[in-house]
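Here's the structure, in structure tokens; my notes come after.
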Amino acid sequence: MITQTLIYYLSQHPSIVTFRWSHIQSWGSTWSFLLTSIAFYLTFCALVHLFLQIFIKRGRTVPLGPIPAAYSLFMALISVVIFSGILLSTAAEIQETRWFWRRSKTPFQWLLCFPLGTRPSGRVFFWSYMYYLSRYLHMFRTFFTILRLRKLVSFQLVNNSILTFMSFLWLEFSQSFQVLAILIATLVYSIIYGYRFWTAVGLPSACFPFVLNCQIVLLGCNVACHVGVLSLHFMKGGCNGIGAWWFNSVLNGAILFLFLNFYVKMYLGKRKEVISEALEEPEMMKVKDK
């Protein structure tokens, strides 16, 4: 009974089945809203950081109490709901529309490559819309970083802006690959935010950079899927929204470059700290001997 109820509300509800991406009916669906929101996000983050630099002493942080833990739990639950919803909706969509494309594609190929003429309506695009709206919630984590660490991390700003822009393009151009991308992303985000909640409430953390490794897995899956889309586009007579896909590929490449740059700097920084500590140790021993 509970399972049937969940299936109904996640994939069979009339609001989900009859969804249609529209600039008039869908909140936040216009280009002006997207660009204004991203510009406001970047500007407001810069202003908050500047305010802290001017009015709060260096080294002091803003206490946030249980807010980061509650936020992590909320985002983990949101990610689980979107993952479950798009998974059930994808299964229902494949079952109902397979007659149209089964001669040319397998279900997995459909996940990577929508047939030409696909419109942004129905179950799958409802959850794509929910994922797009959730990207604005992801932006709040930037403020926690600014308030607690007193840092304005450029990678975080650019990453959030690009991912929000990309999720808008998925809906605007009914872009191929988005279903698989959302499934992978929400699964990884549910694990990451669940882990952040786990550590925020005082439970032991992993002995390796857990979040960083999850992000590497996510980027690796995205690269593999992009190769799959490109192959199917030339082998199966074209994928819907391929123009937007090319633009998304450039944006994904930018994220990958920024992430690798950030990862290398962090790794080299830690390595230098270890080397400096190793060099300082003999000096300390000499002082003690004297």
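The values are calculated or read from the model by the stated rules, or taken from the named source; none is laboratory data. Here the structure is a predicted model, which means the values were calculated and not measured. So basically every Cβ, Gly included, is an ideal-geometry build from the backbone, and we count neighbours across all protein chains shown. In case anyone asks, the SASA skips ligands and DNA or RNA and just uses the protein heavy atoms, side chains included. Shrake-Rupley method; radii C 1.70, N 1.55, O 1.52, S 1.80 Å.
Here are some notes:
- Any hit, the range 267-277, residues being open to solvent by less than 50 Å² (accessible area, probe 1.4 Å), at pLDDT below 80 and within 18 Å of the chain's Cα centre (by Cα): no
- Whichever residue in the range 166-190 is in contact with a Cys (Cβ under 6 Å, 6 or more places away or on another chain) and either of a type in the set (Val, Ile, Thr) or open to solvent by 10 Å² or more (accessible area, probe 1.4 Å) (or both) and, among such residues, is nearest to residue 225 (Cα to Cα): 180
- Filter result (under 16 Å from the mean Cα position of the chain (by Cα) and outside any helix (DSSP H, G or I)) within the range 161-203: 177
- Exclusive hit being open to solvent by less than 40 Å² (accessible area, probe 1.4 Å), in contact with an Asp or Glu (Cβ under 9 Å, 6 or more places away or on another chain) and at pLDDT 80 or above, set 241, 228: 241
- The range 50-80 - residue that is open to solvent by less than 40 Å² (accessible area, probe 1.4 Å) and assigned to a helix (DSSP H, G or I) and, of those, modelled with the lowest pLDDT: 52
- Single condition residue 139 does not satisfy, out of (1) modelled with pLDDT of 90 or more; (2) open to solvent by 30 Å² or more (accessible area, probe 1.4 Å); (3) under 30 Å from residue 60 (Cα atoms): (2)
- Residue 151, sole failed condition from (1) assigned to a helix (DSSP H, G or I); (2) under 15 Å from residue 46 (Cβ atoms): (1)
- Members of the range 204-259 that are touching a residue at least 12 places away in the same chain (Cβ under 8 Å) and not in a helix (DSSP H, G or I): 236, 237, 238, 239, 240, 241
- Among residues of the range 156-171, those that are free of Cβ contacts under 8 Å to residues at least 60 places away in the same chain and not hydroxyl-bearing (Ser, Thr, Tyr), counted: 1
- Enumeration of residues in the range 111-136 that are assigned to a helix (DSSP H, G or I) and modelled with pLDDT under 85: 111, 112
- Among residues that are at pLDDT 95 or above and among the aliphatic types (A, V, I, L, M), residue 147 is not included.
- Count - residues of the range 204-220 that are open to solvent by 50 Å² or more (accessible area, probe 1.4 Å) and within 14 Å of the chain's Cα centre (by Cα): 3
- Annotation note: of 22, 29, the sole residue that is surrounded by 14 or more Cβ atoms within 10 Å (Cβ to Cβ), outside any helix (DSSP H, G or I) and out of contact with any strand residue (DSSP E or B) (no Cβ under 8 Å at 6 or more places or on another chain) is 29.
- The one condition in (1) open to solvent by 20 Å² or more (accessible area, probe 1.4 Å); (2) touching a helix residue (DSSP H, G or I) at 6+ places or on another chain (Cβ under 7 Å); (3) among the β-branched types (Val, Ile, Thr); (4) touching a residue at least 24 places away in the same chain (Cβ under 8 Å) that residue 153 fails to fulfil: (4)
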